[in-house]
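Novice: Got a structure for you, questions after.
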Amino acid sequence: MLRRTFIAVTAAATVATSAFAMSEKDIVDTAVEAGTFTTLVAAVEAAGLVETLKGDGPFTVFAPTDEAFAALPEGTVEGLLEDPEALAAILTYHVVPGKVMSTDLSNEMMATTVNGADVTIMTEGGVMVDGANVVTADIEASNGVIHVIDSVILPAS
C-alpha cells in the first residue's frame with residue numbers, strides 16, 4: 001500500500017514538475033503561474049512576505065490550494081487578511097527552511113517551520129503534514145520546492 005502511494009505521489013510530482021516547467025521562476029512566481037493559489041498569493045502579499053519568498057532560500061512551502069482556504073470557517077480568511085501579524089504566523093507555519101523533497105521525508109518526521117513551531121510529517125498511507133494531505137509533491141522553483149496540500153494547517157495556539 002505504501003509503495004503504491006509513493007509511486008502515485010512520485011508520478012504526480014513528475015507530471016507537476018513538467019507542468020510547472022522547472023524554470024527560473026521563484027516560489028511566488030511559480031504559485032502565481034499555477035493559478036490555483038490565488039488566496040495564498042494574496043495572503044503572502046497581505047502579510048508582507050513576497051520579498052522573503054522571492055529571496056534566495058531555499059524554502060520548502062506546503063501550499064494550500066484555493067479550495068483549502070475556502071474550506072475554512074466563513075470569515076476566517078477575511079479576518080486574517082486584516083491581521084497581518086496573525087496571517088504571517090500562519091503562513092510561516094507552512095514554510096520550512098531548506099529544500100525538502102518528497103524523497104527526504106520519513107514517517108513521524110518533525111520539521112521546524114519558519115514560524116518556529118514543528119510540523120509532523122506522516123508517510124504511511126500517503127504523505128500528510130499536520131493532517132493535511134500532500135496532493136502534489138516536488139514542484140521545484142529556483143529558490144526551493146512547493147508541496148501542494150489540501151487544507152490549511154494551523155500552529156497550536
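The values are calculated or read from the model by the stated rules, or taken from the named source; none is laboratory data. Because the structure is a prediction, the values reported are computed rather than measured. Don't worry about glycine lacking a Cβ; one is built from the backbone with ideal geometry, like all the others, and counts go over all protein chains shown.
Novice: For THR103, all conditions in the list (1) surrounded by 16 or more Cβ atoms within 10 Å (Cβ to Cβ); (2) closer than 25 Å to ASP29 by Cα; (3) hydroxyl-bearing (Ser, Thr, Tyr) hold save one; what is the number of the exception?
Specialist: Only one criterion in (1) surrounded by 16 or more Cβ atoms within 10 Å (Cβ to Cβ); (2) closer than 25 Å to ASP29 by Cα; (3) hydroxyl-bearing (Ser, Thr, Tyr) is unmet by THR103, namely (1).
Novice: Then there's this: Being within 13 Å of ALA63 (Cβ to Cβ) and touching a residue at least 24 places away in the same chain (Cβ under 8 Å) narrows it down to one residue among ALA141, ALA117, ALA156; which is it?
Specialist: ALA141
Novice: Can you name every residue in segment 35-50 that is over 18 Å from GLY79 (Cα atoms) and either modelled with pLDDT of 95 or more or under 13 Å from the mean Cα position of the chain (by Cα) (or both)?
Specialist: Answer for segment 35-50, where residues must be over 18 Å from GLY79 (Cα atoms) and either modelled with pLDDT of 95 or more or under 13 Å from the mean Cα position of the chain (by Cα) (or both): THR36, PHE37, VAL50.
Novice: Sort out for me the strands (runs of 3 or more DSSP E) sitting completely within segment 79-146 that have 3 or more residues that are under 19 Å from ALA43 (Cβ atoms) and not acidic (Asp, Glu).
Specialist: Those strands (runs of 3 or more DSSP E) span 132-141.
Novice: Do you know which residues across segment 49-68 are over 19 Å from ASN115 (Cα atoms) and either out of contact with any strand residue (DSSP E or B) (no Cβ under 8 Å at 6 or more places or on another chain) or surrounded by fewer than 16 Cβ atoms within 10 Å (Cβ to Cβ) (or both)?
Specialist: ASP66, GLU67, listed by residue number.
Novice: Pairs only if they're at least six apart or on different chains, beta carbon under 8 angstrom, first in segment 26-48 and closer than 10 Å to THR65 by Cα, second surrounded by fewer than 23 Cβ atoms within 10 Å (Cβ to Cβ) and among the hydroxyl-bearing types (Ser, Thr, Tyr); list them, first residue then second.
Specialist: Matching pairs, first to second residue: THR36/THR65; PHE37/THR65; LEU40/THR65.
Novice: Going by what's in this entry, would ALA89 be described as in contact (Cβ under 8 Å) with a residue 60 or more places away in the chain and either under 19 Å from ALA137 (Cβ atoms) or small (Gly, Ala, Ser) (or both)? Show your work before the answer.
Specialist: On the way: in contact (Cβ under 8 Å) with a residue 60 or more places away in the chain: yes; either under 19 Å from ALA137 (Cβ atoms) or small (Gly, Ala, Ser) (or both): yes.
Spelling it out, ALA89 is indeed in contact (Cβ under 8 Å) with a residue 60 or more places away in the chain and either under 19 Å from ALA137 (Cβ atoms) or small (Gly, Ala, Ser) (or both).
Novice: Here's a follow-up. Based on this model, can you work out whether VAL119 counts as in contact with a Lys or Arg (Cβ under 9 Å, 6 or more places away or on another chain), among the β-branched types (Val, Ile, Thr) and either within 16 Å of THR92 (Cβ to Cβ) or at pLDDT 95 or above (or both)? Lay out the reasoning, then the answer.
Specialist: Values: in contact with a Lys or Arg (Cβ under 9 Å, 6 or more places away or on another chain): no; among the β-branched types (Val, Ile, Thr): yes; either within 16 Å of THR92 (Cβ to Cβ) or at pLDDT 95 or above (or both): yes.
Here the answer is no, as VAL119 does not meet what is asked.
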